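The values are calculated or read from the model by the stated rules, or taken from the named source; none is laboratory data. Being a predicted model, the structure only gives us computed values, none of them experimental. Cβ coordinates were reconstructed from backbone atoms using ideal geometry, including for glycine residues, and neighbour counts include every protein chain displayed. Accessible surface areas use protein heavy atoms only, side chains included; no ligands, DNA or RNA. Shrake-Rupley method; radii C 1.70, N 1.55, O 1.52, S 1.80 Å.
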Amino acid sequence: MISIKDEIAKILDDKITGLSYEEILDIIEIPADPKMGDYAFPCFRLAKQFKKAPQMIAEEIKGDIESADIFEKTENVNAYINMFISKEYFIKNVLSEVAKKQEKYGSSDIGAGKKVIVEYSSPNIAKPFHIGHIRSTVIGNSIYKIQEFLGYDTVRINHLGDYGTQFGKMIVAYRKWGNEEDVVKEPIKTLLSYYVKFHDEAEKNPELEDEARKTFVKLENGEPEETELWKWFREESLKEFTRVYEMLGIEFDSYAGESFYSDKMDRVVKELEDRNLLKDSNGAKIVDLEEYGLTPALIKKSDGSTLYITRDIAAAIYRKEHYDFYKNIYVVASQQNLHFQQWFKVVELMGYEWAKDCVHIPFGLVSLEDGTMSTRSGRVVFLEDVLKRAVLKTREVILERGVNTDIADDISKKVGIGAVIFQELSNNRIKDYTFSWEKVLNFEGETGPYVQYTHARAASILRNSEKEFDTALKEIDDTDFSYLTGEASYMLAKLIYGFPDVVKESGERYEPSIITRYIVDVAQMFNRFYHDEHILVDDEKERKAKLLLVFAAMETIRNGLGLLGIEAPDRM
RNA sequence: GCCCUUGUAGCUCAGUGGAUAGAGCAAUGCUCUCCUAAAGCAUGUUAGCGGAGGUUCGACUCCUCUCAAGGGCACCA
């Protein structure tokens, strides 16, 4: 696709002395109101340099460029040079590009040959997968998809919380009160009940804590019995997590969790010692970070055991050596900001220049209407329940609308789950929010179902005129795009044109909501076009041109939804 | 006490220096003999962007101070 902005920059660069091509490119903007043009070049910045009033400069430059054939017209308004692009030229440019790229439209190869690791989801074994976990899971998945679309080689890592003293507790509790059948039947719930019981009992009988610690040491030392139990807990938990991942359509390349690094931590401690970074403090070993304005990083407890900061450092080193990443991304709650700042700094002090390539992508907190979530007190909303209810609600709506029952199941899954994901990815990830059933089950306005519905409408039109659309695609060079210069169709084409930049921006900022917002805009504009203009008109040339626009809108929405991890059903 | 984040319409949120600050929800009215009404259209002197200073030709956007809410601050992860 021809970059219109580049074309304009070239034209301006020929006429303006004293500004580089890049500077010009940087100044060109898109006016807030399309009535003011497709692109604008504000001249205020040039006033000092040229020692002239901005209005005059604008007038002169305008005179120099107005004859260029990509412009329909140019205007000078309050020192802005407003440029109107020739509509047919513009539309042809965009629609040809979408027709050529199709499911690849919006993608890029800027990441070619570079490896990006995305760590996300990372639930704790034997603990419920609740609504709080949706954030890392869904945001991380979308970030992975966006990076991949930008051409990066990606590795998806689920850094399971499968290690630590808690497993000593679990093993002790299981041996005391557990039973195999219950665990197999309902692993998470059962294991959690053991865990809760352990804490209750430990209050009366503190020796249990000791026993748990000793048991964890046995596990660390690879004692067969403990290892066997631990493996079993892990597998049973994973089965349950996998069920949710399947519903969400999420996969991982690696489930190397905390336990995977258990034998890789001595090396970290040794390197820290060799570099004289470790200090004794109240019997514990720390890295003092005071001169960087951070509290100390606790590497080893006074009892000699390690902490998760050490595991994260070991994991990062392993990943660098094993994958040689270009970026190492952690999609983890903002509560852990300090933790990441600390260990990124420690890795830097260890002399690893790649410390700068590690990025923490924080996100805000989810709370419930009656307060923060608490597993122990039962104040928790299970993610699986949310997904199931969304699917059920969708099914009701579908049946009301008289959709064929044999496709109802498939569609209600795609739409229901899509609604939940879409909602999650609608706002800037840093915002906190309160979970509400009413909100997650609302399907009107700026929601997933709205966008999917728009896509289904477009798909339906193309289905109804399949053969004609095929020939329109083949004969795209002969298309008369003047039929698409109406307000809604031209604005729609302009929006579609912006998709590749939107993908890049959301990739650079690790912000999926940019795409969510954008596809809502595309859907809104498509719906306006759909109402304003009849698409399957009698005139063949007009019909073909319109079909190409419908196709471009549909592809853009479909590709955008794909980047969010949401399916785009062809009918609903 | 220190550090981080957030504070924009009744509600939920967009808007990472540029032209009169935008959506959705909620409210009222209208549009299905016409490509799917999970849609579209119209109606708000709806907020001057928590507050005060400053930088800039220009600030919701950058800086300083301040208020409020959330999170974090060593042997949990």
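Of all the residues in region A:216-238, those that are of a type outside the set (Asp, Glu) and at pLDDT below 90 number 6.
Is at least one residue of region A:329-339 within 30 Å of A:Ser142 (Cβ to Cβ), crowded, with 18+ Cβ neighbours inside 10 Å and more than 13 Å from RNA strand B (Cβ to nearest atom)? Yes, region A:329-339 has at least one match. The one condition from (1) more than 14 Å from RNA strand B (Cβ to nearest atom); (2) within 16 Å of A:Leu25 (Cα to Cα) that A:Gly63 does not meet is (2). Sub-8 Å Cβ pairs linking a first residue in region A:490-502 that is without any contact (Cβ under 8 Å) to a residue 24 or more places away in the chain to a second residue that is basic (Lys, Arg) and surrounded by fewer than 24 Cβ atoms within 10 Å (Cβ to Cβ), at least 6 apart or interchain, number zero.
Taking the options A:Ile110, A:Ile81, name whichever one is part of a loop (DSSP other than H, G, I, E, B) and among the aliphatic types (A, V, I, L, M).
On the way: A:Ile81 fails: part of a loop (DSSP other than H, G, I, E, B).
Going through A:Ile110, A:Ile81 in turn, the sole match is A:Ile110.
When A:Glu321 is tested against (1) more than 15 Å from RNA strand B (Cβ to nearest atom); (2) under 15 Å from A:Ile157 (Cα atoms), only condition (2) is not met.
Could you please let me know if A:Arg319 is within 20 Å of A:Tyr352 (Cβ to Cβ), outside any strand (DSSP E or B) and in contact with a helix residue (DSSP H, G or I) (Cβ under 7 Å, 6 or more places away or on another chain)?
No; evaluated as a whole, the condition is false for this residue.
Scanning region A:177-204 for residues that are surrounded by 17 or more Cβ atoms within 10 Å (Cβ to Cβ) and in contact with a Phe, Trp or Tyr (Cβ under 7 Å, 6 or more places away or on another chain) yields A:Gly178, A:Leu191, A:Tyr194. In this entry, A:Ile81 passes the filter for residues that are in contact with a Ser or Thr (Cβ under 9 Å, 6 or more places away or on another chain) and modelled with pLDDT of 90 or more.
Output the residues belonging to region A:493-513 that are assigned to a helix (DSSP H, G or I), open to solvent by 10 Å² or more (accessible area, probe 1.4 Å) and touching a helix residue (DSSP H, G or I) at 6+ places or on another chain (Cβ under 8 Å). Within region A:493-513, A:Lys494, A:Leu495, A:Tyr497, A:Val502, A:Glu505 qualify. Within region A:440-456, residues that are without any contact (Cβ under 8 Å) to a residue 40 or more places away in the chain and within 15 Å of A:Val397 (Cα to Cα) have Cβ atoms under 9 Å from residues that are near RNA strand B (Cβ under 6 Å from one of its atoms) and of a type outside the set (Gly, Ala, Ser) in these pairs: A:Glu444/A:Tyr450, counting only partners at least 6 apart in sequence or on another chain. Of the residues making up region A:221-244, those that are farther than 19 Å from A:Asn179 by Cα and surrounded by fewer than 19 Cβ atoms within 10 Å (Cβ to Cβ) number 6.
Just to confirm my filter: which helices (runs of 4 or more DSSP H) fall fully inside region A:390-485 and include at least 1 residues that are acidic (Asp, Glu) and away from RNA strand B (no atom under 12 Å from the Cβ)?
On the way: elements: A:405-424, A:437-440, A:448-464, A:466-474.
Because the criterion is at least 1 residues that are acidic (Asp, Glu) and away from RNA strand B (no atom under 12 Å from the Cβ), the helices (runs of 4 or more DSSP H) in region A:390-485 that meet it are A:405-424, A:466-474.
Taken together, the criteria exclude A:Ser334 from residues that are small (Gly, Ala, Ser) and modelled with pLDDT under 95.
Does A:Leu473 fit the bill of being over 23 Å from the mean Cα position of the chain (by Cα), closer than 15 Å to A:Leu95 by Cα, of a type in the set (A, V, I, L, M) and open to solvent by 20 Å² or more (accessible area, probe 1.4 Å)? Answer is yes for this residue. Consider A:Val138 carefully, then state whether it is under 38 Å from the mean Cα position of the chain (by Cα), touching a residue at least 60 places away in the same chain (Cβ under 8 Å), within 16 Å of RNA strand B (Cβ to nearest atom) and more than 30 Å from A:Ser513 (Cα to Cα). Against the criterion (under 38 Å from the mean Cα position of the chain (by Cα), touching a residue at least 60 places away in the same chain (Cβ under 8 Å), within 16 Å of RNA strand B (Cβ to nearest atom) and more than 30 Å from A:Ser513 (Cα to Cα)), A:Val138 does not qualify. Considering (1) part of a strand (DSSP E or B); (2) closer than 30 Å to A:Ala553 by Cα; (3) within 13 Å of RNA strand B (Cβ to nearest atom), the lone condition that A:Glu72 does not fulfil carries the number (3). Restricted to region A:340-364, and to residues there that are part of a strand (DSSP E or B) and open to solvent by less than 20 Å² (accessible area, probe 1.4 Å), the residue that is nearest to RNA strand B (Cβ to nearest atom) is A:Ile361.
Hey, could you check region A:254-275 for residues that are at pLDDT 95 or above and among the hydroxyl-bearing types (Ser, Thr, Tyr) and say which is farthest from RNA strand B (Cβ to nearest atom)? Residue satisfying both the conditions and the ranking: A:Ser254.
Among the residues of region A:13-27, the ones that are within 14 Å of RNA strand B (Cβ to nearest atom) and open to solvent by 50 Å² or more (accessible area, probe 1.4 Å) come to 2 in all. In region A:288-306, is there at least one residue being within 25 Å of A:Asn221 (Cα to Cα), open to solvent by less than 50 Å² (accessible area, probe 1.4 Å) and part of a loop (DSSP other than H, G, I, E, B)? Yes, region A:288-306 has at least one match.
Please tell me if A:Glu321 is without any contact (Cβ under 8 Å) to a residue 40 or more places away in the chain and farther than 24 Å from A:Asn124 by Cα.
Working: without any contact (Cβ under 8 Å) to a residue 40 or more places away in the chain: yes; farther than 24 Å from A:Asn124 by Cα: yes.
Yes; evaluated as a whole, the condition is true for this residue.
Residues in region A:28-60 that are modelled with pLDDT of 90 or more and small (Gly, Ala, Ser) were compared, and the one that is nearest to RNA strand B (Cβ to nearest atom) is A:Ala40.
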